[in-house]
1. Tell me the net charge near A:VAL44. Cut-off is 14 Å between Cβ atoms, A:VAL44 excluded, with +1 for each Lys or Arg and -1 for each Asp or Glu.
2. Do any GluC sites (Glu not before Pro) in region A:1-104 lie in a loop, going by DSSP, with at most 14 other beta-carbon atoms within 10 Å of their beta carbon, and if so which?
3. Among B:LEU45, B:GLY158, B:TRP123, whose Cα projects farthest towards the positive end of the dipole of region B:3-177, with charges put on the beta-carbon of Lys, Arg (+1) and Asp, Glu (-1)?
4. Can you work out the FRET efficiency for the pair A:ASP66 and B:LYS291, with r the C-beta to C-beta distance and R0 = 25 Å, to the nearest 0.05?
5. Tell me, what is the percent relative contact order of region B:3-177, built from C-alpha pairs under 8 Å that lie six or more residues apart?
6. Tell me the net charge near B:SER273. Cut-off is 11 Å between Cβ atoms, B:SER273 excluded, with +1 for each Lys or Arg and -1 for each Asp or Glu.
7. Mean Kyte-Doolittle of at least 0.5 and a Cα length of 18 Å or more along the axis: which whole DSSP H helices of chain B meet both?
8. Filter the trypsin sites (Lys or Arg not before Pro) in region A:42-147 down to the DSSP loop ones having no more than 13 other Cβ atoms within 10 Å, then list what survives.
Amino acid sequence: MDIAVCVKRVPDLTEAEIEIDSDGLSLEDSDLDYDLNEWDDFAVEAAVQLKEKHGGKVTAYTVGDDDAEEVLRRALAMGADEAIHLCDDAFAGSDPWGIAQALQRAIGDRKFDLILCGAISSDGTSGHTGGMLAALLDLPQVALATALEVNGDKAEVCHEVEGGLERVVEIALPAVITVQSGINEPRYVSIRGIRKVAGMDIDVKECDDLGLDSGQVGDAGARVRLEELALPPTGGGAEILEGSIDEMVTTLIERIREQGAL
Amino acid sequence: MKKILVIVERHAGAIDDSAWELLTLARALAGGDGTVSAALLGEGLDALAAELAKGFDNVHVFDDSRLAVPDAEGDGLALVALIEREGYSLTLAAHTNLSIDLLPWLSVKVGGPLLADCFELAWRGDELEAKRTVFEGKVHAKVATSASDKGYFATVRGGAFEGAAPAANAGGAIQPESLPADFAPRRKALRTVEPEAGEVDITASEVLIAVGRGIEEEENLEIINSLAEAAGAAVCCSRPVVDKGWLPKARQVGTSGLTVSPKLYVAVGISGSFQHMGGVKGSSYLVAINKDAKAPIFGVADVGIVGDLFEVIPALEEEFKKVRS
């Protein structure tokens, strides 16, 4: 079976000191590390596992600037067979609708059995791209998959639904499925693994190649524009305890007892 | 005149509280001359529709056996036709698993902009502006839509707006609706999976020690277990700990896990994402221990220690032992 998997390069903010850039629209990125979006890591693993079981080919797509190539290399190192980089200055400032349109043009003329996306990206946190792509491709879709099996021209997908429940649905292929974290254990990618795929060709496509007018994507085509980023207001939150560890812990226990919470 | 539609989420045969929060927001956005309608989909809905009619001007009821199991695709096929027929200015839904499945598809099919997970939402002329969180919840973003003649869509963060109390005497119109003639979902629900009952019921515990990504390694759970023992607490966790297989799903607190309301909730190495905090309800006394002073958890906790959990936890365990002996 032939599978497309859509990935994104995002900043890793786990340990990062976050500052807003002077443009007010991006993060000061001189000290940031970037990585494959966590959910996309699970999506690539799911795609490669399906290929290993059923045969076929995995093609990774990303929309992003020159640096975004590194997440395609990572997907190749995990076992993708081909990577396509949608790279054009006109994509800058795209909302999920713009990204979905670019992916639709790139994916639409190929015959994939399954299109996988991470359910959400850690930077934009909308979780819109997969569902919008499905609507544009006019394919059935399931969001937030926690388990996935393919049987012939159907897939059985367990996904998260209302009230903390999960539901198993059967869906006709081809389909778009967005992958929730925890669906599998993404394989480790070593530096050597990345080096091995360093020479593989990555097909680069610009707006023209996709038959897209530059006004349809990026800032110009966005249905939702980012106007300003700001750090959350501080204060009004927790009383932050001071002193040595022993002092802090003693005060903490006092507070808990004052509240009658112990 | 603004016409606003609220997609009502139902769960286990009841209306989710989010419907009343969305009503508050929808009333503010509709203004004095606008209308606020609800869309209710499912089977056997008479009682729920009557309840909604106490708050909404109009309740569109799709009562059909084909909608008995909540499903984003079935709901979507019904809603595209309804929104296009009625020409809604704005369609609102709670930001939940169901709306993540439904709204991207629905907004593209109808053709309007979609705002996700808003905690503020207002008109700016005929367009919408909103505030939401981005970058793992650590940054606030102000966003705005482009102009749309197909209406707008937005999902709204749970708890961002106070729920409106239904007025017993308000008489909204109940409007029965039929599914489109060409209704043909391409996916079929096979079964619903209840969370596995764990050996520990964290929803019944008065004291919870919650552990997150900050624990770093599975073997480090040992210090959390021994803290819990000293505190007479049960151990629960945030999503990453379950994703790694270190604790079972029955221990997960959050919007995709369980909802808890203990007296005391000690969050250790948890950044405090909205998804996690959505699972802590009631009047818990909330303690946060995290090495990142900027972690969102400190914005919602009552008391916090900024420090290395591997130093703080053993000291805290000793204190708990003293006060409980």
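No value in this document is a laboratory result; all are computed from the given coordinates. Here the structure is a predicted model, which is why all the values come from computation and not from measurement. Cβ placement follows ideal geometry from the backbone for every residue including glycine, while neighbour counts extend to all protein chains displayed.
1. Taking every Cβ under 14 Å from that of A:VAL44, the sum is -3.
2. A:GLU15, A:GLU17, A:GLU19, A:GLU28
3. Going by the Cα projections, it comes out as B:TRP123.
4. 0.15
5. Averaging sequence separation for qualifying contacts and normalising by length gives 30 percent for region B:3-177.
6. Result for the neighbourhood of B:SER273: +2.
7. Those that clear 18 Å and a mean of 0.5 are B:97-110.
8. Those satisfying the criteria are A:ARG110, A:LYS111.
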